[in-house]
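Taking it in order: structure first as structure tokens, then the write-up.
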Amino acid sequence: QVQLVESGGGVVQPGRSLRLSCAASGFTFSSYVMHWVRQVPGKGLEWVADIWHDGSNIYYADSVKGRFTISRDNSKKTLYLQMNSLRDEDTAVYYCARDPTSPVVNWYFDLWGRGTLVTVSS
Amino acid sequence: EIVLTQSPGTLSLSPGERATLSCRASQSVNSIYLAWYQFKPGQAPRLLIYGASSRATGIPDRFSASGSGTDFTLTIARLEPEDFAVYHCQQYGSSPLTFGGGTKVEIK
């Protein structure tokens, strides 16, 4: 079954760290660009970061640059998001998403996970 | 950055009716770089449309989309019960890519 399953969300205090994971199955994970996208509950969506199929290129939204690190382990078919120095405004549902055409970056998303909720609160 | 404004915020319709959703951009979007997604609580979001008017794999033909420049439309020809959801547009022609705030299609 073609799917993405996020994990690692939870409640964390401001300034602390959290690592999200996204397990892929049913497709050749190592061939695709992967993204993280977040949605503040009840509000809009924001692209967070992406990583090329081989990890050779990585891009971040300005709002997370220097604090978040995207990475992948193709042998484990898993995408990661290391989130450091978390702020209240990072509270959101975090989705991993697949870029549709391997290995070109299209910047839209043809496969999403169900998301994992991160709550930053003291 | 390009701001996408979706209207209406909420659309109250009955099954079988036609839904017309609008996505307006603050500046011109390359027409092939607009997508539409369907969001349902507890489910993975689903890509409906890419390239402004191309249906994604497995999307029924009651979903159609059109538009260019700053005005884009998603149309659901005859609402099925499973179509009641939130719909977001996204432009990916300019950096940073941005999303609209969404239109909720609810059962009247």
* Asked: So A:Val33 clears everything in (1) away from chain B (no Cβ under 14 Å); (2) in contact with a Ser or Thr (Cβ under 8 Å, 6 or more places away or on another chain); (3) buried (at least 20 other Cβ atoms within 10 Å of the Cβ) except one condition, right? Which one?
  -> (1)
* Lone qualifier among B:Tyr37, B:Tyr50 - being within 21 Å of A:Val2 (Cα to Cα), touching a Pro at 6+ places or on another chain (Cβ under 6 Å) and buried (at least 21 other Cβ atoms within 10 Å of the Cβ) -> B:Tyr37
* Those residues that are in contact (Cβ under 8 Å) with a residue 60 or more places away in the chain, more than 21 Å from B:Ser95 (Cβ to Cβ) and among the polar types (S, T, N, Q), I need them from region A:22-50; list them, please. => A:Thr28, A:Ser31
* Quick one: which residue in A:Ser85, A:Ser71 is surrounded by fewer than 16 Cβ atoms within 10 Å (Cβ to Cβ) and either on the phi > 0 side of the Ramachandran plot or outside any strand (DSSP E or B) (or both)? => A:Ser85
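Table: residues versus (1) touching a helix residue (DSSP H, G or I) at 6+ places or on another chain (Cβ under 9 Å); (2) more than 13 Å from every other protein chain (Cβ to nearest Cβ); (3) within 22 Å of B:Ile49 (Cβ to Cβ).
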position: A:Phe29; (1), (2), (3): no, yes, no
position: A:Asn57; (1), (2), (3): no, yes, no
position: A:Ile70; (1), (2), (3): no, yes, no
position: A:Asn74; (1), (2), (3): yes, yes, no
position: A:Met83; (1), (2), (3): yes, yes, no
position: A:Leu86; (1), (2), (3): no, yes, no
position: A:Val104; (1), (2), (3): no, no, yes
* Looking only at region B:69-108, which residues are part of a strand (DSSP E or B) and small (Gly, Ala, Ser)? -> B:Gly69
* Asked: Do we find that A:Ser63 is closer than 23 Å to B:Tyr37 by Cβ and either within 14 Å of another protein chain (Cβ to nearest Cβ) or modelled with pLDDT of 95 or more (or both) in this structure?
  -> yes
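The values are calculated or read from the model by the stated rules, or taken from the named source; none is laboratory data. These figures come from a predicted structure and were not determined experimentally. Note: ideal-geometry Cβ built from the backbone for every residue, glycine included; neighbour counts use all protein chains shown.
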